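Asker: Below: one structure in structure tokens.
The values are calculated or read from the model by the stated rules, or taken from the named source; none is laboratory data. Worth saying up front: this structure is predicted, and the values here are computed from it rather than measured. When we count neighbours, we look across all protein chains shown, and the Cβ atoms used for this are built from the backbone with ideal geometry, even at glycine.
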Amino acid sequence: MAPLQRIDTGLNQAGIDQGATDAPAEHPAEQKANGLEVAGHGQKIRRDRPGGPHRIDFTGVAIVGSGRQLFSWIAPTGLILVLFLVLHLGGVALAVINPGVFEAYAMALHAKSWLPAVELALAGVALVHLARTVAKVIANRQAGNDAALVSRRADPLAALAARTAPWSGGVLLVFLVVHLNQLRWPRPGAGLEVARLAEVLAAPWAVALYGAAGLAVGLHLFHGGEAAHRSLGLLEPANAGRIRRATRAFALVVGGGFALVPLVLATQVVR
């Protein structure tokens, strides 16, 4: 296992440049301490001795030393949330492309009997994702990690995305509370979605918040796309470059889309 520069124990997905090597799905840090828990994105590993044996099976469960197994739901819950983001972006983009079609789409969607169940399921997935991430951040702090992150690929953007992952997640959490309060509690009447959006985006602070949320989505996906592939055992030297390029392009499209849609709608309001 090739060591990273100045990577200490206890690092999780928010503190490791997951793109620092093209290694397969192994914990990317070379640990210095004996018997300390370390947290990678998608698994939690305990080495009973330096260089101790470990492996990761196809589910992303770390099996280390004595056979202790721990599973982190960060990667799979993150992938579910990404699917929701793609579908949601496709829907809200209609508000820019064709407001009439967007209103018809919104009315049809809100009339579905299964929508409340899906919303509750998404809320549960988001809570699990958040809880597991917070637990790993706390574990890192308790492990006393104070190592600085240095990317061997001289990729400062990847290091920035990894380092700021908890902060970008926090921005998204604040945005979600505000957004739901504006457009879900209560939900606008039939045919009034675009009008309500225009009313919300008439406030400069709201445009700034929606833009910041788009940037946060992009950074979160920039880091999480590659990290999730590594956690699930799908990242190998042969495909690492392709996965890295694809996930970063995806992050740019989705994050840029969520930042541009409110900006365009706000511009239309001004006009």
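Asker: Return the total of residues in region 194-239 being assigned to a loop (DSSP other than H, G, I, E, B) and either touching a Cys at 6+ places or on another chain (Cβ under 7 Å) or of a type in the set (D, E, K, R) (or both). Explain how you work it out, then say what you get.
Answerer: Pass one, region 194-239, residues assigned to a loop (DSSP other than H, G, I, E, B): 201-203, 232-239.
Narrowing the set further to residues that are either touching a Cys at 6+ places or on another chain (Cβ under 7 Å) or of a type in the set (D, E, K, R) (or both) leaves 236.
Number of matching residues: 1.
Asker: Using the structure shown, decide if E103 is at pLDDT 90 or above, part of a helix (DSSP H, G or I) and surrounded by 14 or more Cβ atoms within 10 Å (Cβ to Cβ).
Answerer: Values: at pLDDT 90 or above: yes; part of a helix (DSSP H, G or I): yes; surrounded by 14 or more Cβ atoms within 10 Å (Cβ to Cβ): yes.
So E103 fits the description; yes.
Asker: I'd like the full set of residues that are polar (S, T, N, Q) and within 14 Å of the chain's Cα centre (by Cα), limited to region 222-253.
Answerer: Within region 222-253, the first condition is being polar (S, T, N, Q), and the residues that meet it are 231, 239, 247.
Within region 222-253, S231, T247 meet the criteria.
Asker: What do you reckon, is A161 aliphatic (A, V, I, L, M), surrounded by 19 or more Cβ atoms within 10 Å (Cβ to Cβ) and at pLDDT 90 or above? First the steps, then the outcome.
Answerer: On the way: aliphatic (A, V, I, L, M): yes; surrounded by 19 or more Cβ atoms within 10 Å (Cβ to Cβ): yes; at pLDDT 90 or above: no.
Spelling it out, it is not the case that A161 is aliphatic (A, V, I, L, M), surrounded by 19 or more Cβ atoms within 10 Å (Cβ to Cβ) and at pLDDT 90 or above.
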